[in-house]
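Visitor: The structure's right below; bear with me while I get my questions together.
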Amino acid sequence: MLGNVPWGAHLCLFYATKQDLLDTLVPYFKAGLEDNEACVWATSELILESEARQALTDAIPNFDRHVAAGRIDILSGRAWYLDGDRFELQRITGGWTKKLERALERGCEGLRISGDAFWPGTDYWTDFASYEEDLDQTLAGQRMIAACTYSLLASRATDLLDVARTHGVTVARRDRRWEFIETVGLAANEQPLTPREIEVLKWVARGKSAWDVSAILGIAKRTVEDHMHNAIGKLGASNRIEAVVIAIRDRIISAVDSE
């Protein structure tokens, strides 16, 4: 339905039933495995890990080979997000980054993840909303795709607004039908920046020259200029100043980076 989704995409799915969730995430992970991506499914409390594994086994030929190769990991969402009763933002986002690093070391193209939010209406909701914003920044320029899932039955109207604001694409699926899709922000990520391009852009946002950045990063001035040139082109900017403005607007870098 979405077509080609770029690296760095932050997707959101609201679902009504277990079947709606399975009908979406099984093809999502199938596509990732077919494209040599490592996959991690942090399941909702609605779906047991054994049910998720069986659904993938039924839909994906030779699924056991993917499991044996360590290319897919199915785990409890609650266990992944909470350390006991504690929600630690940096531990979670850092955990995704480590999984990406291990995936790339194994020769995978990147990392495809999905985690379910069972937080609406709980004491964890504020922390989880902050996590979604942080994850959006973590994904920028990385070979990762994230699909966050939310129960329509457990979400309030205010939750819908909070969630839509922190995702590039928001989709609702109810009774096996797509109710709406919002693609604002997806186009901005069609040419995601590399981690080094983002790093250079951050220093430029602080007013550093190419010479300054080369000294800070320990790379040649020409290399800095090449990274900046690439970033300008990917962002559709006409110069470095406009590139910084676009990067802040699209949340590729933070406004703090320009202070």
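A short reminder: the numbers here are calculations on the coordinates, not readings from a lab. Computed from a predicted model, the values in this text were never measured in an experiment. Methodologically, a virtual Cβ is constructed for each residue, glycine included, from the backbone with ideal geometry; neighbour enumeration extends over all protein chains shown.
Visitor: Can you put Asp127, Asp35 in order, fewest other beta carbons within 10 Å first?
Guide: The most exposed by this proxy come first: Asp35, Asp127.
Visitor: Excluding residues fewer than 8 places away in the same chain, name every one of the lysines whose C-alpha is closer than 28 Å to that of Lys221.
Guide: Within the straight-line cut-off, Lys221 pairs with Lys202, Lys208, Lys234.
Visitor: Dipole magnitude of the stretch 195-258 about its Cα centre, charges +1 at Lys/Arg Cβ and -1 at Asp/Glu Cβ only, in debye to the nearest 20?
Guide: 40 debye
Visitor: Collect residues whose amide H, placed 1.01 Å from N in the peptide plane, falls under 5 Å from the amide H of Asp73; neighbours closer than 5 in sequence don't count.
Guide: Cys39, Val40, Trp41
Visitor: Now for a different question. Counting only the backbone N, which residues of the stretch 94-115 are under 16 Å from the spot 7 Å out from the Cα of Asp134 toward its beta-carbon?
Guide: 94-99
Visitor: Which far-off residues, 5 or more places away or on another chain, put their amide H under 5 Å from the one on Phe14, with H placed in the peptide plane?
Guide: Placed amide hydrogens put Tyr150, Val171, Ala172, Arg173 under 5 Å from Phe14.
Visitor: Loop only per DSSP, at most 15 neighbouring Cβ atoms within 10 Å: give me the GluC sites (Glu not before Pro) in the stretch 7-80, ordered by residue number.
Guide: Passing both the DSSP loop test and the Cβ count: Glu45.
Visitor: Taking the alpha-carbon distance from Lys18 and a cut-off under 25 Å, which lysines remain once sequence neighbours fewer than 8 residues away in the same chain are dropped?
Guide: Lys30
Visitor: Something else now. Let me make sure I get this right: for the stretch 7-140, a, b and c are the square roots of the gyration tensor eigenvalues over alpha carbons, sorted descending. Under 1.5 in a/c it's rounded, otherwise prolate if a/b > b/c, else oblate. Which is it?
Guide: oblate
Visitor: Right, another one. Tell me the chymotrypsin sites (Phe, Trp or Tyr not before Pro) within the stretch 1-47 that lie in a loop according to DSSP and have at most 13 other beta-carbon atoms within 10 Å.
Guide: When the chymotrypsin sites (Phe, Trp or Tyr not before Pro) of the stretch 1-47 are filtered for loop state and at most 13 Cβ neighbours within 10 Å, nothing remains.
Visitor: To continue, here is another question. For Leu89 and Glu225, FRET efficiency with R0 = 35 Å and r from the beta-carbon atoms, rounded to 0.05?
Guide: Approximately 0.50, to the nearest 0.05.
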